[in-house]
């Protein structure tokens with residue numbers, strides 16, 4: 001089909017938390033948002049909040065074939081991708097001696113491999129367009145990990161380095177990449193691990209606060225930070 005005149009953004013982890021907030025804010029900025037996560041029901045809830053065009057796309061991003069199909073379907077529908085926002089993440093608190101091969105593999109698949117493979121899948125389109133932006137959601141755990149987050153921190157530090165690499169390669173073709181590394185954010189994932197008596201709401205960022213930084217990176221207001229990891233400390 002002919003290339004869409006709309007700006008197309010793929011947002012992973014769009015079923016809740018930061019991903020949902022990013023989708024809503026990009027919709028308000030006149031992006032057509034492709035909403036990606038495993039839960040169709042949660043994506044439908046997000047779609048109802050987006051002021052503008054959005055498309056629900058359930059996918060398991062731990063499956064490389066699903067990633068390939070996602071990008072192929074987006075290109076078949078719109079002919080372009082302008083922004084990729086890799087929000088999808090997963091963490092589980094485990095001490096070093098509790099780490100299993102299955103835990104390690106799943107942590108890497110969701111937090112690092114999905115972002116790498118999605119970026120690789122959209123890269124040929126970015127090269128053809130000579131434009132594009134990737135925003136990777138990292139974590140303060142990549143800088144100052146909380147005990148029990150060793151595998152999560154390792155995945156996120158890998159994501160920070162991948163951000164630097166893609167920024168370097170992307171410069172010649174008009175592609176920007178940045179990581180955003182927030183501290184504790186008031187999300188379902190945080191509350192699955194920490195009660196409020198451990199991390200109070202007054203010590204967390206809101207998803208909207210984090211999404212606001214991500215969105216100005218997408219729209220180009222922070223081009224001077226290309227390749228960097230932007231740290232957003234908790235209150």
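The values are calculated or read from the model by the stated rules, or taken from the named source; none is laboratory data. Note that the structure is a prediction, hence the values are computed from the model and not measured. Neighbour counts are summed over all protein chains in view; Cβ atoms, including those assigned to glycine, are modelled from backbone coordinates with ideal geometry.
Observations, loosely collected:
- Of the residues 52, 132, 89, the single one that is touching a helix residue (DSSP H, G or I) at 6+ places or on another chain (Cβ under 7 Å), at positive phi and buried (at least 17 other Cβ atoms within 10 Å of the Cβ) is 132.
- Qualifying residue in region 103-111 (condition: touching a residue at least 24 places away in the same chain (Cβ under 8 Å), under 27 Å from residue 31 (Cβ atoms), in contact with a helix residue (DSSP H, G or I) (Cβ under 6 Å, 6 or more places away or on another chain) and part of a helix (DSSP H, G or I)): yes
- Selection status of residue 36, in contact with a strand residue (DSSP E or B) (Cβ under 7 Å, 6 or more places away or on another chain) and under 21 Å from residue 216 (Cβ atoms): no
- Qualifying residue in region 194-213 (condition: touching a helix residue (DSSP H, G or I) at 6+ places or on another chain (Cβ under 8 Å) and under 21 Å from residue 129 (Cβ atoms)): no
- Meets criteria (part of a strand (DSSP E or B), in contact with a helix residue (DSSP H, G or I) (Cβ under 7 Å, 6 or more places away or on another chain) and buried (at least 19 other Cβ atoms within 10 Å of the Cβ)) for residue 33: yes
- Note on region 148-168: among residues that are in a helix (DSSP H, G or I) and out of contact with any helix residue (DSSP H, G or I) (no Cβ under 7 Å at 6 or more places or on another chain), the one that is surrounded by the most Cβ atoms within 10 Å (Cβ to Cβ) is 163.
- Every residue from region 169-188 that is assigned to a strand (DSSP E or B) and on the phi > 0 side of the Ramachandran plot: none
- Within region 197-205, at least one residue is out of contact with any strand residue (DSSP E or B) (no Cβ under 7 Å at 6 or more places or on another chain) and crowded, with 16+ Cβ neighbours inside 10 Å.
- Within region 177-191, considering residues that are under 23 Å from residue 84 (Cβ atoms) and surrounded by 20 or more Cβ atoms within 10 Å (Cβ to Cβ), the one modelled with the lowest pLDDT: 185
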